[in-house]
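Everything on this sheet refers to the single structure shown next.
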Amino acid sequence: MIKAQQKGQRVAVLVDVQNMYYSARYAYDQRVNFKHVLEEAVQKRVLTRAIAYAIQTEDLKNEPFFDALEKQGFEVKTKDLQVFSSGAKKGDWDVGIAMDAIRLARKVDTIILVSGDGDFRPLVQHLQHSFGCRVEAMAFGKSASHLLKSVVDQFTDLDEQSEKFLIKRKTKKSESTKKSIRKKTGGSKK
């Protein structure tokens, strides 16, 4: 088993977009800088695959977000949020991420899960013991499961350099602020 990062290691980076998006939103009221996360994950190693898994929700339905991920080097996989007749909603990629990780395990030295989801613990153990893969996780430590942190070969706590991995959310100016600006500048209500 590979126990340390080494130059030349082949890596696959699998990003649980919802997990990261909501962790950053609730902990910091900001967005994730996925470009910097990818750079930190790979470092001087060889990137084999970078896949971002996202659920198409109202929060993330804007195509520029998915286009930006692709421009940053990610293959983007999306699926729609499931809404049940009871009104309950479900949307996650846990099984899809697990299947891709197992398929990639023979082709890479290291799999990096960008998620703090403790449900990945059995996957991590399977990749380590059955394939000899090094498995790393990256997430905001405040919201990451100790179950996941306890089994990975390395955990990168994004809280420790949060300014590097976060982007301030754009705030909408209130209508009264807009009116005040128009009044002062003599602008129209466009």
### Message
Out of the residues in segment 1-22 meeting the condition of being over 14 Å from the mean Cα position of the chain (by Cα) and polar (S, T, N, Q), tell me which one is surrounded by the most Cβ atoms within 10 Å (Cβ to Cβ).
### Response
Q9
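Considering only segment 34-47, I want to know if a residue exists there that is small (G, A, S), closer than 19 Å to R169 by Cα and at pLDDT 90 or above.
Going residue by residue through segment 34-47, those that are small (G, A, S) are 41.
Subset that is closer than 19 Å to R169 by Cα: none.
There is no residue in segment 34-47 that is small (G, A, S), closer than 19 Å to R169 by Cα and at pLDDT 90 or above.
Of all residues in segment 153-162, count the ones that are in a helix (DSSP H, G or I) and within 16 Å of the chain's Cα centre (by Cα).
If we filter segment 153-162 for residues that are in a helix (DSSP H, G or I), which is where we start, we get 158-162.
From the residues that got through so far, the ones that are within 16 Å of the chain's Cα centre (by Cα) too are 158-159, 161-162.
Summing the residues that are in a helix (DSSP H, G or I) and within 16 Å of the chain's Cα centre (by Cα) in segment 153-162 gives 4.
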## Note on the structure
A careful count of residues in segment 111-141 that are among the hydroxyl-bearing types (S, T, Y) and either crowded, with 24+ Cβ neighbours inside 10 Å or touching a strand residue (DSSP E or B) at 6+ places or on another chain (Cβ under 9 Å) (or both) gives 1
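Can you confirm whether segment 114-121 contains a residue that is outside any strand (DSSP E or B), hydrophobic (A, V, I, L, M, F, W, C), within 19 Å of F34 (Cβ to Cβ) and at pLDDT 95 or above? Please lay out each step first, then the result.
As a first pass, look at segment 114-121 and keep what is outside any strand (DSSP E or B): 115-121.
With the extra rule that they be hydrophobic (A, V, I, L, M, F, W, C), the set shrinks to 120.
Checking which are within 19 Å of F34 (Cβ to Cβ) leaves us with 120.
Going one step further and asking which of them are at pLDDT 95 or above, we end up with 120.
The answer is yes, given that some residue of segment 114-121 is outside any strand (DSSP E or B), hydrophobic (A, V, I, L, M, F, W, C), within 19 Å of F34 (Cβ to Cβ) and at pLDDT 95 or above.
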### Query
Looking at V32, V15, which is the one that is closer than 23 Å to R103 by Cα and out of contact with any Pro (no Cβ under 7 Å at 6 or more places or on another chain)?
V15
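Does D92 satisfy the criteria of being under 18 Å from V124 (Cα atoms), acidic (D, E) and at pLDDT 95 or above? Explain how you work it out, then say what you get.
Numbers: under 18 Å from V124 (Cα atoms): yes; acidic (D, E): yes; at pLDDT 95 or above: no.
No.
A quick yes/no check of all residues on (1) within 22 Å of Q9 (Cβ to Cβ); (2) in contact with a Ser or Thr (Cβ under 9 Å, 6 or more places away or on another chain); (3) at pLDDT 95 or above:
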residue: H146; (1), (2), (3): no, no, yes
residue: D153; (1), (2), (3): yes, yes, yes
residue: K179; (1), (2), (3): no, no, no
residue: T185; (1), (2), (3): no, no, no
#### Entry: Evaluation of V108 against (1) within 17 Å of the chain's Cα centre (by Cα); (2) of a type in the set (A, V, I, L, M, F, W, C); (3) in a loop (DSSP other than H, G, I, E, B) (one fails), failing number
(1)
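Scan segment 23-59 for residues that are among the hydroxyl-bearing types (S, T, Y) and surrounded by fewer than 16 Cβ atoms within 10 Å (Cβ to Cβ) and jot them down. Step through it out loud before you land on a result.
If we filter segment 23-59 for residues that are among the hydroxyl-bearing types (S, T, Y), which is where we start, we get 23, 26, 28, 48, 53, 57.
Matches in segment 23-59: Y26, T57.
Would you be able to tell me the number of residues in segment 122-166 that are hydrophobic (A, V, I, L, M, F, W, C), out of contact with any His (no Cβ under 6 Å at 6 or more places or on another chain) and within 21 Å of V32 (Cα to Cα)? Steps first, answer last, please.
Of segment 122-166, the ones hydrophobic (A, V, I, L, M, F, W, C) are 123-124, 127, 131, 133, 135, 137-140, 144, 147-148, 151-152, 155, 158, 165-166.
Now drop any that are not out of contact with any His (no Cβ under 6 Å at 6 or more places or on another chain), which leaves 123-124, 127, 131, 133, 135, 137-140, 144, 147-148, 151-152, 155, 158, 166.
Still in the list and also within 21 Å of V32 (Cα to Cα): 137-140, 144, 148, 155, 158, 166.
Residues meeting the conditions: 9.
The values are calculated or read from the model by the stated rules, or taken from the named source; none is laboratory data. Fair warning: this is a prediction, and the values are worked out from it, not measured in the lab. Note that we place each Cβ from the backbone using ideal geometry, even for glycine, and neighbour counts take in every protein chain shown.
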